[in-house]
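Engineer: The structure that follows is given in the form of structure tokens.
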Amino acid sequence: MVLRPLRGSLPRRRTALSAATALGGVAACFMAAPQAQAQFAPTPMHISTGSGHTAPDEPATFQADRVDYNDVEHTITWTGNVQVWQGDHVMRADKIVYDRDTGVVAARGNVASVQSDGSVLYAHYAELTGGMKDGIMLHVNATLAENAKLAANGLRRTGGKVNDLSRTVYTACEICEKDKTRAPFWQFRAFDATQDLEHKKIDFRDAYMDILGIPILYLPFFSMTDPSAKRHSGFLMPGITPHDRYLGSYVTIPYYWVIDDQSDLTAQGLFSTRTGPQISGVYRNRLNFGSLNVQLGVADDTNHSSNYTNGFGENVSGGNSHGMQGYLFANGQFSIDEHWRAGANVRLATSANYMRDYRVQGYGSDTLNSNAYIEGFGTGAYSRLDTQFYQGLNQGVIHNSDLPFALPRYTYSFVGQPDAWGGRISFDTTDFNVYRANGTSDMRGQLAVNWDRAFLSKAGEQFLLTLRLDSMVYRAKKLYQQPNYYTNTGTLVSGQVLPTIALKTNWPFVRTFENGRGTQLVEPIVQGIYAPNTGSGMDDLIPNEDSLAYEFTDSTLFSLNRYQGTDRLDGGLRANVGIHGNWTWDGHEIDLLAGESFQEHIEHDRLPYSGLDHHASDIVAGGRVAPNQYFDFTARMRLNPYTHQFDFGDALFSAGLPHFHVRGGYVWEPVTPYYYYATNYRSYSPPSLYFERVNELSGGFSADYSGWHLSGFTRRSLSRKEFVTLGGDAGFNNDCFGIDFMYFKQYTSIGGEQRNSTYLVTVSLKTLGSFGLK
């Protein structure tokens, strides 16, 4: 910005008008220009933030209550609410003096400079030159992004890119309004500091960290990212763990690399005293048409796992879970056009023991699941082609050779618009090719056509007529192996076609009470279903892939097919009856449903304790009670009318006040269904693991008040008389500081071993990051 000398005769000292006419007077001085603000051509001096956002030839503008020109001293003085701005940079002060000979701008009194990133720099006095790129400031305060604050006795700016500060204090905490001299909750005090505006970082030297004004840590050097930077390359906070069962004492050193505007990489080294080091990394890329995330790790695992005996009484080898080990977790999703997208999820690891040793996320799961897919969306239609791959982690229970590959699977679903008869037709298909190294391999083609038509009688009865046709064709081999265990050893082609007709009626009776504030509903429900008897899947040599699990509860009472898939179908003549009741008033609610199924045909290819072993099924019921906003209770059960025993039951409750909450749950089942297909159940009884009862109780609580929080949870198996998980958390948080003490233990055994308890202490400082001790 150049302050061009005015042409013509001027007195040696000329004072502008009062504040009421200041803008007009200033304009008159500059060639009587009609504008209320003055602009100057920007050569050779211009106001700059050093951020590169202000063009060198962009005009600068000022306004002030008073302006004073001194031709003897070659100065121009603005006083009274002075503001100068150029581009995205703004500066104000009570008084600004510009020396036309030296190019020095001196600002006094309430000096404030708004930076291009939105931060504000305050000072008592500023003396700047070189287009305000160089200079000094005294008694500086800066308000940065994320409510961070930086103060210093003095500041020297160089090239508009570097600020050197002396006697510096930094904090992200709120300052006490009643006593501004009171120390914030935490702060850094440094002998000097350097703020790099170009690279967005702040370096402190000879720094102390104070908590409530008390020094607790000395750091000869400390570097942090400027809060205005959204991302910045550099080392992150290291992690320290004094003791771990498998790693011993270890440290983690992470480094964050900003590759470009859309991608970054976090690399981490893990160094332990008990086993070899690990290098891991996380790569992220946000593309215009999708996203990609890749996480991988490689380690020299020196831990040797020993043999053990699993729950089936078999001796399981520790395997080759030592030496060079690694994992790869990746997922990506990419849009092809407005209707189609493709993606993949990859989760692979060399061994579960390696994941256990190095605390890789996902340890403790039964399997690692991977898939690749392409899917499309249309009006009432959905289509998906994918592949499925599973890796077993608990080799003592789930062997990789037993797990299936879906190569590929195709799913299509379509729901049409209402037709001329008032009904709606839908089509569904799920086709697949399943391969097992040890077990049945089969291909299936399937099509289901469904037509629904709703009716309403004058008496208020609601009817739903359903016509459905299911058809499947299979080609299978090794049916004598798991999970079917048939006697046939050849390759067979089989299939089934099942037409079904169903009529369901609901007759709701509704009344109001409490002067219209409450509603009572009593709703009898009756459903009749007819389909040909399907017999047993074994008799028809039909493989079973998607109907191994079975659950008969109040939620499936009126389902046409109560299996989870379509390899097994409910056939025969049956009637389902139920009664539904609901009471709602003044914020209270009670909702109940109970019913039973009566069937002519008994299907013998179901799991034991299915609830459908007789012509009259188990009685199923479910309900929810919410008397107010502070309590909620939900329960389901299945009662055997012949033995008068419960075949299934679960319950959940939640209760709490604004600062205290408690929750709990319970689940009961007389067997553990998963193990039924683990061995050849057709030749001999299922393993003893199958007959272990599921009898678990869980609970937890949480409390918070004025920044403090406390929580705990537990899950205990009453049948095995041992805990499944146990943990808790306690801590404190305010506007700039957080501390958490967490304890967690999982009792699940993987590979014959389990981890010990985990204790984690985390300290979080706003704008700085989190420090953890595990």
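Engineer: Pull up segment 496-553, narrow it to residues that are among the basic types (Lys, Arg) and more than 21 Å from LEU612 (Cβ to Cβ), then point me to the one that is surrounded by the most Cβ atoms within 10 Å (Cβ to Cβ).
Structural biologist: Only one residue tops the list, namely ARG517.
Engineer: Also, quick follow-up: Would you pick out the residues in segment 311-344 that are over 35 Å from the mean Cα position of the chain (by Cα) and buried (at least 16 other Cβ atoms within 10 Å of the Cβ)?
Structural biologist: VAL316
Engineer: Would you kindly identify the strands (runs of 3 or more DSSP E) lying entirely within segment 192-306 that contain at least 1 residues that are within 25 Å of SER119 (Cα to Cα)?
Structural biologist: Ranges flagged: 201-211, 214-225, 250-260.
Engineer: Could you tell me whether GLN462 is among the polar types (S, T, N, Q) and either more than 20 Å from ARG424 (Cα to Cα) or free of Cβ contacts under 8 Å to residues at least 40 places away in the same chain (or both)?
Structural biologist: Answer is no for this residue.
Engineer: Then there is this: Could you list, in sequence order, all residues of segment 362-387 that are part of a loop (DSSP other than H, G, I, E, B) and in contact (Cβ under 8 Å) with a residue 24 or more places away in the chain?
Structural biologist: The answer is GLY362, TYR363, GLY364, SER365, ASP366, GLY380.
Engineer: Next question, about the same structure. Can you name the residue in segment 590-615 that is at pLDDT below 95 and touching a Phe, Trp or Tyr at 6+ places or on another chain (Cβ under 7 Å) and, of all such residues, is surrounded by the most Cβ atoms within 10 Å (Cβ to Cβ)?
Structural biologist: Out of the qualifying residues, it is GLY611.
Engineer: Of all residues in segment 652-671 being touching a Lys or Arg at 6+ places or on another chain (Cβ under 8 Å) and either among the hydroxyl-bearing types (Ser, Thr, Tyr) or surrounded by fewer than 16 Cβ atoms within 10 Å (Cβ to Cβ) (or both), which is farthest from GLY611 (Cα to Cα)?
Structural biologist: By that ranking, first place goes to ALA655.
Engineer: Restricting attention to segment 690-728, and to residues there that are within 21 Å of ASP650 (Cβ to Cβ) and aliphatic (A, V, I, L, M), which single residue is surrounded by the fewest Cβ atoms within 10 Å (Cβ to Cβ)?
Structural biologist: LEU718
Engineer: Quick test for you: out of ASP357, ASP402, pick the one residue that is touching a residue at least 60 places away in the same chain (Cβ under 8 Å), in the same structural domain as GLN268 (by TED's automatic domain parsing), more than 24 Å from GLY290 (Cα to Cα) and among the acidic types (Asp, Glu).
Structural biologist: Criteria check complete, one pass: ASP357.
Engineer: Could you tell me whether segment 106-124 includes any residue that is in the same structural domain as PHE62 (by TED's automatic domain parsing), part of a loop (DSSP other than H, G, I, E, B), exposed (fewer than 15 other Cβ atoms within 10 Å of the Cβ) and touching a residue at least 12 places away in the same chain (Cβ under 8 Å)?
Structural biologist: yes
Engineer: Can you say whether ARG409 is closer than 26 Å to ALA342 by Cα and either surrounded by fewer than 15 Cβ atoms within 10 Å (Cβ to Cβ) or of a type in the set (D, E, K, R) (or both), as far as the supplied structure shows?
Structural biologist: Answer is yes for this residue.
Engineer: Further question: Are any residues in segment 307-337 of a type outside the set (Gly, Ala, Ser), in a strand (DSSP E or B) and under 30 Å from GLY290 (Cβ atoms), and if so, which ones?
Structural biologist: Within segment 307-337, TYR327, LEU328, PHE329, ASN331, GLN333, PHE334 qualify.
The values are calculated or read from the model by the stated rules, or taken from the named source; none is laboratory data. Fair warning: this is a prediction, and the values are worked out from it, not measured in the lab. Positions of Cβ are generated from backbone atoms using ideal geometry, with glycine treated the same way; all protein chains shown enter the neighbour counts.
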